[in-house]
Amino acid sequence: MSTYHVMQVTKPGKLELAERPLLDPGPGQVRIRVEACGICHTDASTIEGAFPIAWPRVPGHEAVGRIDALGSGVEDWRPGQRVGVGFLGGGCGHCEYCRNGDLVACQNQAYTGVHVDGGYAEVMIAKASGLMSVPDALPSVDAAPLVCAGLTTFNALRNSSAKAGDLVAVIGIGGLGHLGVQYARRMGFEVVAIGRGAGTAALARQLGAHHYVDSASGNVAEALQALGGAQVVLATASGGSAISDTLKGLRPRGSVIVLGAAADPAQISPYDMLFSNRGGSPKTVQGSLTGTPAAGDATLRFSVLSGVAAMIETMPLEKASEAYAKLMDGQARFRMVLTMAP
Ligand SMILES: [Zn+2]
Ligand SMILES: [Zn+2]
């Protein structure tokens, strides 16, 4: 095979099938035969042209496939090995943050499917420093959503201040939230799912939530306080107002962890950051962005061990436009995954 197919963006909103010549990976890179690639809401920034990037561009940062060629200087990865490629394309190894061990904050790191071509493709080239190792027990279509949505929720929870038995709330039962609820349950927390409308309650319990709060029919902060107050709130899909609404639902020293990228501002009362009606109540609002490649390995292993799985719908690569539209219209339950013909 000397060429391969991609679904590329050439102008805002348009994905088209194209053929590319097969290239060898450069130094520090691997070439991957992609088997599956999840569609993430963040792909919209490439497809709709919100990021200033060079076109044509192949989106996709939930890619899973097998290495078929190694560039020079690549160690510890081998041809035939199944790997995942997430949003962060691999640390540079020499910036201040990499040298300090903070690979997520690397200042020379490409975003997969944004600055470099991603996984809506039969073949992709990726930096070895960003790869995750996919366990044999995990089919590629199931692994794909876990290398972004899974890693994002798993990593935020395991680095949070919550300990087993603490109350943890997840706002939004969608692409991120339906995984967040499952991870929170399997990590041993008392789990509150916060959704919109009564219709989501049964699903939330099926995913492992002990409690369900309908944000459309009551005060979320009061509901959380009635349960003792949340140590951690994961804000997944909701905008700024959901952050403001849950701050009063935290215990003292609790945190709202922001995962969903939304532009609308949160209104935060400095008083609420420091006090409750009864006494001192310092709190934190923080962001969490995916995780390191090793945290990605841990996400995939933990998912196999504990039975956490994304609810997915698959479509062939050629139908990427349809699959993307379904996700953006809120019709996907809950992650769309593109598959490539073997
Ligand atoms: Zn993503
Ligand atoms: Zn770096």
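The values are calculated or read from the model by the stated rules, or taken from the named source; none is laboratory data. A quick note: this is a predicted structure, and the numbers were derived from the prediction, not measured. Note that we place each Cβ from the backbone using ideal geometry, even for glycine, and neighbour counts take in every protein chain shown.
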Looking at the stretch 231-280, which of its residues are assigned to a loop (DSSP other than H, G, I, E, B) and closer than 23 Å to PHE334 by Cα? THR236, ALA237, SER238, GLY239, LEU259, GLY260, ALA261, ALA262, ALA263
I need every pair where a residue in the stretch 87-107 that is in the same structural domain as ILE125 (by TED's automatic domain parsing) has its Cβ under 7 Å from the Cβ of a residue that is small (Gly, Ala, Ser) and within 16 Å of ligand 1 (Cβ to nearest atom), sequence separation at least 6 or different chains. LEU88/GLY130; GLY89/ALA110; GLY89/ALA126; GLY89/GLY130; GLY90/GLY130; VAL104/GLY291
Being in a loop (DSSP other than H, G, I, E, B) and small (Gly, Ala, Ser) is the filter here; which residues of the stretch 183-202 pass it? GLY188, GLY197
Report, ordered by the first and then the second residue, all pairs with beta carbons closer than 8 Å, sequence separation of six or more or different chains, a first member in the stretch 300-317 that is at positive phi, and a second member that is surrounded by 15 or more Cβ atoms within 10 Å (Cβ to Cβ). GLY307/ARG186
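For (1) touching a His at 6+ places or on another chain (Cβ under 7 Å); (2) surrounded by 18 or more Cβ atoms within 10 Å (Cβ to Cβ); (3) farther than 27 Å from ALA262 by Cβ; (4) modelled with pLDDT under 95, each residue gets a yes or a no:
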| residue | (1), (2), (3), (4) |
| --- | --- |
| THR3 | no, no, yes, no |
| LYS11 | no, no, no, yes |
| LYS14 | no, no, no, yes |
| LEU23 | no, no, yes, no |
| ARG33 | no, yes, yes, no |
| PRO52 | no, no, no, yes |
| PRO59 | no, yes, no, no |
Within the stretch 91-110, residues assigned to a loop (DSSP other than H, G, I, E, B) and more than 16 Å from ligand 1 (Cβ to nearest atom) come out as GLY91, CYS92, GLY93, HIS94, CYS95, ASN100, GLY101, ASP102, CYS106, GLN107, ASN108
Do you know which residues across the stretch 185-214 are modelled with pLDDT under 95 and surrounded by fewer than 20 Cβ atoms within 10 Å (Cβ to Cβ)? ARG196, GLY197, ALA198, GLY199
Could you tell me whether the stretch 101-114 includes any residue that is more than 16 Å from ligand 2 (Cβ to nearest atom), in contact with a helix residue (DSSP H, G or I) (Cβ under 7 Å, 6 or more places away or on another chain) and either modelled with pLDDT under 95 or farther than 16 Å from ALA294 by Cα (or both)? yes
